[in-house]
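The values are calculated or read from the model by the stated rules, or taken from the named source; none is laboratory data. Note that the structure is predicted; figures quoted are calculated from it, not measured. Reconstructed Cβ throughout: ideal geometry from the backbone, glycine too, with neighbour counts over all protein chains shown. Side chains are part of the model used for accessible areas, which takes the heavy atoms of the whole protein and leaves out ligands, DNA and RNA. Shrake-Rupley method; radii C 1.70, N 1.55, O 1.52, S 1.80 Å.
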Amino acid sequence: MNILLETYGCQMNVADSELIRSILIAKGHQMTSSANDAEVVLMNTCAIRENAHRKIYGRLDILRPLKKQREAEHRPFVVGVLGCMAQNLKEELLMHPVANLVVGPDNYRALPNLIDRIVQTNHHEVEASLSEYETYSDIAPTRIEGVNAWVTIMRGCDNFCAFCVVPYTRGRERSRSIPSILNELEQLVAAGYPQVTLLGQNVNSYCHEGETFADLIVKAAQIPGLKRIRFTSPHPKDFSEKLLYAIAEYPNICNHIHLPLQSGSDRILNLMNRTYTSAEYLGLVKTIRRVIPTTTLTTDMIVGFPTETEKDFQETVQLMDAVQFDNAFIFKYSERKGTIAARDYPDDVAEVDKTNRIVRLNNIQHEIAFAKHRCYSWQTVRVLIEGSADKGINQQMGKTAGNLTVVFPKTAFNPGEFVSVRVTETTTGALYGEVIE
Ligand code: 5AD
Ligand code: SF4
């Protein structure tokens, strides 16, 4: 059958879609890029904030006429909601007249059978049971071409941050074995990938038979020909010095650390169950910068967590000012069903206050990023070319090891190759320059 697979949400979903593609192709299905050509439309979905849910309901609405048309023609039309939203809402999703398949993140192996059953019986199918063991380690992902390969090293999360739905949608933490990961990395090098990103909901709590994330990344860094290694996302509580020294020691481990902070108020951090204080976080940042002075630091922030006052918010502003992140992803708190926060704390910060705080924090962060980027003026940076720049076919773009975007006039070099760029201009979002080699 022709199957359209759409991916929403985080990189973990991108990586999961690559596994889903393999599972489907192994059973003789073909992938297509248009719903009109598809007998099966699958959406790999996210549940992290309410707008992620809304997006999928909107997409299901759009598919309604196509569903009606297929029914009129007595042709099968399977519309599946997969991933985090599927796990989160399960049968509730079938109340939408278009969806007839719901499959959670640990049940993708069942997909071919479930699709067959729907085609044969025209019934609905729901498979959303979490596993403590499923890592899909034996399945080789069918990757979409690009310079980066996502490599899932662990799944699930045991942290139970009060705001977060992930422990409920992706279940308990489980790590793949080091040999299976190293084997995949070696194959990626052989296939020509210059960069891999090690993925997990909480990568630095990776643990397999006593071996830690630091052990894994040191072994990965020694694979001949592996030019760039990235990882996301770590939790501040699990950041060992051993990991920092590994990043400092191996030139192919990129000097970029994404370290979600969430709030600068100790009272809110405590309610969020983040298990660190603002002082501890700052201490970690200091250690990081002592061991890896050139590293860039990025973060995730939430504004408007229940009970957050202007004073709490000001503490967040102060901490962001103290840290000086290179980039920050800032979100309004969105209550998620079943989480600790939804159970214990009413969503009591007014929408206008959430909006006001996100705007102010974004403005502050933009100023910081602008000033930080300006420091790169006239410096030469090493760039891995990713492709054409958005604006203008005569420009290419790539990333520094610190994950800064660099735009430069088109060269004869291809995506996946490295160039040195002398920076001539900087903005909040990117560095601009000329290739000097
Ligand atoms: N509301 C808003 N943002 C959230 N995040 C996670 N859960 C929520 C929520 N309920 C943010 C966190 C996390 C990032 C991936 O999404 O900042 O680090
Ligand atoms: Fe990714 Fe979390 Fe969204 Fe699931 S809920 S897709 S793990 S961001």
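Just name the residue that is nearest to Gly402 (Cα to Cα) out of those in the stretch 296-307 that are open to solvent by less than 10 Å² (accessible area, probe 1.4 Å) and more than 11 Å from ligand 1 (Cβ to nearest atom).
Thr296
Return the pair list, or none, for Cβ contacts closer than 6 Å from residues in the stretch 59-84 that are assigned by TED's automatic domain parsing to the domain that holds Tyr108 to residues that are among the acidic types (Asp, Glu), at least 6 apart or on different chains.
Pro76/Glu39
Between Phe313, Phe331, Phe325, which is surrounded by 14 or more Cβ atoms within 10 Å (Cβ to Cβ), within 16 Å of ligand 2 (Cβ to nearest atom) and at pLDDT 95 or above?
Just a single option satisfies the conditions, and that option is Phe331.
Let me confirm something: among Ile393, Ile368, Ile385, which residue is surrounded by fewer than 16 Cβ atoms within 10 Å (Cβ to Cβ) and more than 16 Å from ligand 1 (Cβ to nearest atom)?
Going through Ile393, Ile368, Ile385 in turn, just one is surrounded by fewer than 16 Cβ atoms within 10 Å (Cβ to Cβ) and more than 16 Å from ligand 1 (Cβ to nearest atom): Ile393.
Is it true that some residue in the stretch 334-343 is acidic (Asp, Glu) and open to solvent by less than 60 Å² (accessible area, probe 1.4 Å)?
no
Do any residues in the stretch 158-175 that are near ligand 2 (Cβ under 9 Å from one of its atoms) have Cβ atoms under 7 Å from those of residues that are open to solvent by less than 10 Å² (accessible area, probe 1.4 Å) and among the aliphatic types (A, V, I, L, M), where the two are at least six apart or on different chains, and which pairs are they?
Val165/Ala47; Thr169/Ala47
For the stretch 229-237, check the following and say yes or no: at least one residue is farther than 21 Å from Gln11 by Cβ and surrounded by fewer than 18 Cβ atoms within 10 Å (Cβ to Cβ).
Scanning the stretch 229-237 turns up at least one residue that is farther than 21 Å from Gln11 by Cβ and surrounded by fewer than 18 Cβ atoms within 10 Å (Cβ to Cβ).
How many of the residues in the stretch 64-99 are at negative phi, open to solvent by less than 10 Å² (accessible area, probe 1.4 Å) and in contact with a strand residue (DSSP E or B) (Cβ under 6 Å, 6 or more places away or on another chain)?
Result for the stretch 64-99: 10.
If a residue must be assigned to a strand (DSSP E or B) and within 16 Å of ligand 2 (Cβ to nearest atom), how many such residues does the stretch 33-49 contain?
4
Just to be sure I understand the filter: pairs with C-beta atoms under 6 Å, separated by 6 or more residues or on different chains, first member in the stretch 229-251 and under 14 Å from Leu297 (Cα atoms), second member open to solvent by 40 Å² or more (accessible area, probe 1.4 Å). Which pairs pass?
Cβ pairs passing all conditions: none.
Being modelled with pLDDT of 95 or more, over 21 Å from the mean Cα position of the chain (by Cα) and within 26 Å of Val349 (Cα to Cα) narrows it down to one of Arg267, Arg289, so name that one.
Arg267
Looking at the stretch 253-274 only, could you name the residues that are free of Cβ contacts under 8 Å to residues at least 60 places away in the same chain and either among the small types (Gly, Ala, Ser) or open to solvent by 20 Å² or more (accessible area, probe 1.4 Å) (or both)?
Within the stretch 253-274, Ser263, Gly264, Ser265, Asp266, Arg267, Asn270 qualify.
Do we have any residue at all in the stretch 10-24 that's within 16 Å of ligand 1 (Cβ to nearest atom), in a loop (DSSP other than H, G, I, E, B), within 27 Å of Ser175 (Cα to Cα) and open to solvent by less than 50 Å² (accessible area, probe 1.4 Å)?
Within the stretch 10-24, not a single residue is within 16 Å of ligand 1 (Cβ to nearest atom), in a loop (DSSP other than H, G, I, E, B), within 27 Å of Ser175 (Cα to Cα) and open to solvent by less than 50 Å² (accessible area, probe 1.4 Å).
Could you identify the single residue in Ala341, Ala279 that is free of Cβ contacts under 8 Å to residues at least 24 places away in the same chain and among the hydrophobic types (A, V, I, L, M, F, W, C)?
Of the residues listed, the single one that is free of Cβ contacts under 8 Å to residues at least 24 places away in the same chain and among the hydrophobic types (A, V, I, L, M, F, W, C) is Ala279.
Being open to solvent by less than 30 Å² (accessible area, probe 1.4 Å) and assigned to a helix (DSSP H, G or I) is the filter here, so list the residues in the stretch 136-170 that pass it.
Passing the criteria: Val166, Pro167, Thr169, Arg170.
Being away from ligand 2 (no atom under 15 Å from the Cβ) and either within 21 Å of the chain's Cα centre (by Cα) or outside any helix (DSSP H, G or I) (or both) is the filter here, so list the residues in the stretch 334-348 that pass it.
Tyr345, Pro346, Asp347, Asp348
Among residues belonging to the stretch 38-50 that are within 16 Å of ligand 1 (Cβ to nearest atom) and open to solvent by 30 Å² or more (accessible area, probe 1.4 Å), point out the one that is nearest to Asp16 (Cα to Cα).
The residue in question is Ile48.
Inside the stretch 87-106, can you point out the residues that are without any contact (Cβ under 8 Å) to a residue 60 or more places away in the chain and assigned to a helix (DSSP H, G or I)?
Leu89, Lys90, Glu91, Glu92, Leu93, Leu94, Met95
Return a yes/no flag: does the stretch 282-295 have any residue that is open to solvent by 60 Å² or more (accessible area, probe 1.4 Å), away from ligand 2 (no atom under 16 Å from the Cβ), touching a residue at least 12 places away in the same chain (Cβ under 8 Å) and within 22 Å of Leu404 (Cα to Cα).
The answer is yes; a qualifying residue exists.
List the residue pairs whose Cβ atoms are under 6 Å apart, where the first residue sits in the stretch 37-56 and is modelled with pLDDT of 95 or more, the second is of a type in the set (Gly, Ala, Ser) and open to solvent by 10 Å² or more (accessible area, probe 1.4 Å), and the two are 6 or more positions apart or on different chains.
Val41/Ala35; Cys46/Gly9; Cys46/Ala52; Arg49/Ser334; Glu50/Ser334
Taking the condition assigned by TED's automatic domain parsing to the domain that holds Ile330 and surrounded by 13 or more Cβ atoms within 10 Å (Cβ to Cβ), does Asn362 pass?
yes
Test Ala35 against the criterion of being among the small types (Gly, Ala, Ser), away from ligand 1 (no atom under 16 Å from the Cβ) and closer than 18 Å to Tyr8 by Cβ, and give yes or no.
Taking the combined requirement at face value, the residue satisfies it.
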